[in-house]
Amino acid sequence: MGHKEKSKERKEKRLHEISLLRTIPYSEHQRWWSKETIAVVTGGNRGIGFEISRQLLDHGVTVVLTSRDVSVGIESMKVLQEGGLDHVDSHQLDVLDSSSINEFAEWLKEKYGGLDILVNNAGVNFNHGSDNSVENARKVIDTNYYGTKSMIEAMIPLMKASSAGGRIVNVSSRLGRLNGKRNRIENEELREKISNVETLNEELIHETLTTFIKQVEDGTWSTGGWPQTFTDYSVSKLAVNAYTRLMAHKLSERPDGEKIYINCYCPGWVKTALTGYAGSVTVEQGADTGVWLSLLPEITITGKFFAERREINF
């Protein structure tokens, strides 16, 4: 059996183990949440976001799913309600629009008093199969990174104080791994700076993205040492991963009772509209680790990257 076959077999075995784990209910001493626990899921109207919402609801959390299109969000909410999951709400949200984010934040504070869990799922990808166009690079970067960053900045002040701590989960990708064997950025000095949490900052992430966009616009990106597969998507997720580590470092200074734990995860190549339904992982499997991270018992795991409920390297 070759390396690829062995790797595929291991992954299938792990996904089977997780499917069994999902059938085991949380015990009372593990359940730090209740129906009063509020989870916000961006892009919750379809795909992984919808399934994360469904699974969180199934565990007894109140979910606010957001959608750029009001009517689509309402329809998704109705589908969940018709399935017996009535503690769900929906609201319009465009993570690229600061006024939309502010309006949502005000509504959330007034109606629910804040939130306990934030799942940043909203994202875009314009390439399918072996395509690698960077035509939409700016929109991909703006949505996947800056949209996620804007939501985190807006929601942190609304995170409810609790002994269990607030939870932020960023849906990311292995394609954005900094030190993976394949698809990594070639600039070793830049990789070292981003790897080191002491030298990592928002300016460095912003400068890296600005350089990438500039090279896209002047046509030099292909020789710029950027990832060669799903380039714009990979760079956007690399930024999300770096920002997750940076925010974990900053948030670790918060006092007890006001802690916020932030992690990211790769759902895998999921059969959704984002992949042109060409994925190898079911939406239930893709959502699982995000839900698991959202509901982790009182364990101070933060600033980590996960896939199939296991920590992986950035």
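The values are calculated or read from the model by the stated rules, or taken from the named source; none is laboratory data. Here the structure is a predicted model, which is why all the values come from computation and not from measurement. Glycine also receives a Cβ, built like all others from the backbone with ideal geometry; neighbour counts cover every protein chain displayed. The protein model used for the area step is the full one, side chains on, heavy atoms only, and it has no ligands, DNA or RNA in it. Shrake-Rupley method; radii C 1.70, N 1.55, O 1.52, S 1.80 Å.
Among 287-293, 303-309, sorting by the average number of other beta carbon atoms lying within 10 angstrom of each residue, highest first, gives 287-293, 303-309. Taken about its Cα centre, segment 37-165 carries a charge dipole of roughly 200 debye when the Cβ of each Lys and Arg holds +1 and the Cβ of each Asp and Glu holds -1. Across the chain, Cα pairs under 8 Å and at least six residues apart give a relative contact order of 19 percent. In terms of accessible area, using a 1.4 Å probe and ignoring ligands and nucleic acids, D86, D97 rank largest first as D86, D97. At an R0 of 45 angstrom, the distance between the Cβ atoms of Q30 and N201 translates into a FRET efficiency of 0.80.
Placing +1 on the Cβ of every Lys and Arg and -1 on the Cβ of every Asp and Glu, with no other charges, gives the chain a dipole of roughly 1080 debye about its Cα centre.
For segment 97-144, give the magnitude of the charge dipole about the Cα centre (Cβ charges: +1 Lys/Arg, -1 Asp/Glu; no others), in debye to the nearest 20. Computed charge dipole of segment 97-144: roughly 60 debye.
In the structure shown, the pairs K78/K237; K35/K160; K111/K259; K160/K304; K214/K250; K149/K304 are assessed against 20 Å; a Cα-Cα span above that value is assigned to K78/K237; K111/K259; K160/K304; K214/K250. Protein heavy-atom accessible surface, 1.4 Å probe, per residue over the chain: 48 Å². Taking all protein chains together, D69, D256, D142 sort by accessible area into D256, D69, D142, largest first [probe 1.4 Å]. So, with a 1.4 angstrom probe, what is the percent of accessible area on the chain that is carbon and sulfur? That share works out to 48 percent. Entry note, segment 153-241: relative contact order of 39 percent, from Cα contacts under 8 Å with a spacing of 6+ residues. The residues K11, K181, sorted by heavy-atom accessible surface at 1.4 Å with ligands and nucleic acids left out, run K181, K11 from largest to smallest.
Only helices enter this figure: runs of n ≥ 4 DSSP H residues, each worth -39500 (n - 2.57), summed and divided by the residues of the chain, yield -13000 deg cm²/dmol at 222 nm to the nearest 500. Helices meeting the span-like rule in the chain (full DSSP H runs, Cα extent of at least 15 Å along the helix axis, mean Kyte-Doolittle score of 0.0 or higher): 47-58, 70-82, 283-294.
Annotation: peptides 185-195, 233-243, ranked by per-residue average of other Cβ atoms within 10 Å with the highest first, follow the order 233-243, 185-195. For the chain, a Kirkwood radius taken over Cα pairs fed into Stokes-Einstein (37 °C, viscosity 0.692 mPa s) yields D = 165 µm²/s. Between the residues N121, T208, Y26, the greatest Cα displacement towards the positive end of the dipole of the chain, with unit charges on the Cβ of Lys, Arg, Asp and Glu, is found for Y26.
Of the whole protein surface, F126 contributes about 90 Å² of accessible area at a 1.4 Å probe radius. Our Cα-only numbers for segment 40-84 put the radius of gyration and Dmax at 9.3, 26 Å.
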